[in-house]
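Novice: Next up is a structure, given as structure tokens.
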Amino acid sequence: ETAAREIMKSLKPMKTSLMEHQQFGVAWMVKRERSEEEVLPPFWEEKVERGKKVFFNSITASSTNDRPATIRGGILADDMGLGKTIQTISTMVSSMSSIGKNRKRTLIVSPASVLTTWQQQIEMHVKDDFFSVCVYHGAGRETDVAVLKTYDIVLTTYGTLASEFDDKKKKSGKKKRKKSNAPNTLYQLSWHRVVLDEAHYIRNRNTKSFRAAAAIKSRVRWCLTGTPLQNKAEDLQSLFSFLRINPVRNFSVWKRAIGRKIVEGGKLGLARLRVLLKSVCLRRSKSIIANKMPERTIELHTLEMAQEQRSVYDALMDSAKAVFGAAMLGGGDNVF
């Protein structure tokens, strides 16, 4: 609780007060970002073999001398409408208030349809001039690295990110990979934090968007999505790969240790998946926190059509009735 209060104090630049579940979410995110101690990822343990300290992985049943990297970041999978955006913005504010300007840069990747929403949300919730924000999208975007690195937050799209990614994966057949003239500015910077909004966008690991996102250099990595699991458990493997959770970031290991066991109906695969999600994912549904949400207000507004609009509407309605009436082998009067 003491740590949570300190985090809330660091949010003075916020213009918007957070709800209780959002405060909890921000505290969880900040804790995952700031972890000073090297916490072992799931399925890893420190052991002594032949008098030597090693790190043993229970999934692969193998040991290594190298300590696996701590996972900084995770998956915020709250239901739509619970404030994933404002929680992420608050986490960035808290980070700026505590670690200073030397580690400030955040790259936010989203679908083009919500790119401006992020800019609007930052302006709405954070005091003026606290963040410097750059929208990195379109043909006229600023590609000078020296200029781009002066911004606190850079907003871009999955399409822009993919266009700058130099995909060196060899392609079979006679077709040769065309050399792209697009800049690779985003890949010349080391980011403190990268955030994938609507992260299920990269669920297909065979797409260039997935490979482009996974290749970004960053200390902290976040996935925001209300639907982390859309069709199959394999959707989650792409997120684990982006988060660089070893060894399941390797698809062959994932398939052997988790994916195949789930398909076969075994309990071990689901148990391992639960361990992974519990360690890196936070999800709250509206039903779980319904008693902590403000009461819903419903307003009904009745609009009267102008005469010209009513005439067009009635003509379309009569036409639709005729079509349906004919289809049902009845008269138009039987269609309502």
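Novice: Report, by residue number, each residue of the stretch 222-236 that is assigned to a loop (DSSP other than H, G, I, E, B), open to solvent by less than 70 Å² (accessible area, probe 1.4 Å) and either among the basic types (Lys, Arg) or under 24 Å from THR91 (Cβ atoms) (or both). Walk me through how you get there before you give the answer.
Specialist: The first filter runs over the stretch 222-236 and keeps only residues assigned to a loop (DSSP other than H, G, I, E, B), leaving 225-233.
Filter once more, keeping what is open to solvent by less than 70 Å² (accessible area, probe 1.4 Å): 225-228, 233.
Once the filter is applied, which keeps residues that are assigned to a loop (DSSP other than H, G, I, E, B), open to solvent by less than 70 Å² (accessible area, probe 1.4 Å) and either among the basic types (Lys, Arg) or under 24 Å from THR91 (Cβ atoms) (or both), the stretch 222-236 yields THR225, GLY226, THR227, PRO228.
Novice: Sticking with this structure for a sec: Which of the following residues is of a type in the set (Lys, Arg), at positive phi and open to solvent by 40 Å² or more (accessible area, probe 1.4 Å): ARG296, ARG219, ARG244, ARG203? I'd like the intermediate steps shown before the answer.
Specialist: Details: ARG296 fails: at positive phi; ARG219 fails: at positive phi; ARG203 fails: at positive phi.
The conditions single out ARG244.
Novice: Within the set of pairs 6+ apart or on separate chains, which have a first residue in the stretch 136-147 that is touching a residue at least 24 places away in the same chain (Cβ under 8 Å), a second that is open to solvent by less than 60 Å² (accessible area, probe 1.4 Å) and β-branched (Val, Ile, Thr), and C-beta atoms under 7 Å apart?
Specialist: Filtered contacts from the stretch 136-147: TYR136/VAL154; TYR136/THR156; TYR136/THR160; HIS137/THR156; HIS137/THR157; HIS137/THR160; THR143/THR185; VAL145/THR185.
Novice: Condition first: open to solvent by less than 60 Å² (accessible area, probe 1.4 Å), in a helix (DSSP H, G or I) and not aliphatic (A, V, I, L, M). Now tell me which residues in the stretch 120-169 satisfy that.
Specialist: GLN121, HIS125, TYR158, GLY159, THR160, SER163, GLU164
Novice: May I pose another question? When you scan the stretch 253-263, do you find a residue that is open to solvent by 70 Å² or more (accessible area, probe 1.4 Å) and either in a loop (DSSP other than H, G, I, E, B) or touching a strand residue (DSSP E or B) at 6+ places or on another chain (Cβ under 7 Å) (or both), even just one?
Specialist: Within the stretch 253-263, the first condition is being open to solvent by 70 Å² or more (accessible area, probe 1.4 Å), and the residues that meet it are 255-256, 260, 263.
Remaining after also requiring either in a loop (DSSP other than H, G, I, E, B) or touching a strand residue (DSSP E or B) at 6+ places or on another chain (Cβ under 7 Å) (or both): none.
No, the stretch 253-263 contains no residue that is open to solvent by 70 Å² or more (accessible area, probe 1.4 Å) and either in a loop (DSSP other than H, G, I, E, B) or touching a strand residue (DSSP E or B) at 6+ places or on another chain (Cβ under 7 Å) (or both).
Novice: Among PHE210, PHE251, which is the only one that is of a type in the set (Phe, Trp, Tyr) and within 30 Å of LYS104 (Cβ to Cβ)? Before the answer, list the steps.
Specialist: Numbers: PHE251 fails: within 30 Å of LYS104 (Cβ to Cβ).
Result of the check over PHE210, PHE251: PHE210.
Novice: Looking at (1) over 17 Å from the mean Cα position of the chain (by Cα); (2) among the aliphatic types (A, V, I, L, M); (3) over 24 Å from VAL39 (Cβ atoms), can you tell me which one LEU229 breaks?
Specialist: Status for LEU229: all satisfied but (1).
Novice: Any residue that is surrounded by 11 or more Cβ atoms within 10 Å (Cβ to Cβ), touching a strand residue (DSSP E or B) at 6+ places or on another chain (Cβ under 9 Å) and in a helix (DSSP H, G or I) - is there at least one of those in the stretch 35-47?
Specialist: no
Novice: I'm trying to understand the selection: among the residues of the stretch 264-292, which are in a loop (DSSP other than H, G, I, E, B), at negative phi and either open to solvent by 60 Å² or more (accessible area, probe 1.4 Å) or without any contact (Cβ under 8 Å) to a residue 12 or more places away in the chain (or both)?
Specialist: First pass over the stretch 264-292, keeping only residues in a loop (DSSP other than H, G, I, E, B): 264-266, 283-289.
Then drop every residue that is not at negative phi, which leaves 264, 266, 283-289.
Scanning the stretch 264-292 gives GLU264, GLY266, ARG283, LYS286, SER287, ILE288.
The values are calculated or read from the model by the stated rules, or taken from the named source; none is laboratory data. Model, not experiment: these values are computed from the prediction. All Cβ positions, even for glycine, are placed from backbone atoms using ideal geometry, and neighbour counts span all protein chains on display. Surface accessibility is based on the protein's heavy atoms, side chains included, excluding ligands, DNA and RNA. Shrake-Rupley method; radii C 1.70, N 1.55, O 1.52, S 1.80 Å.
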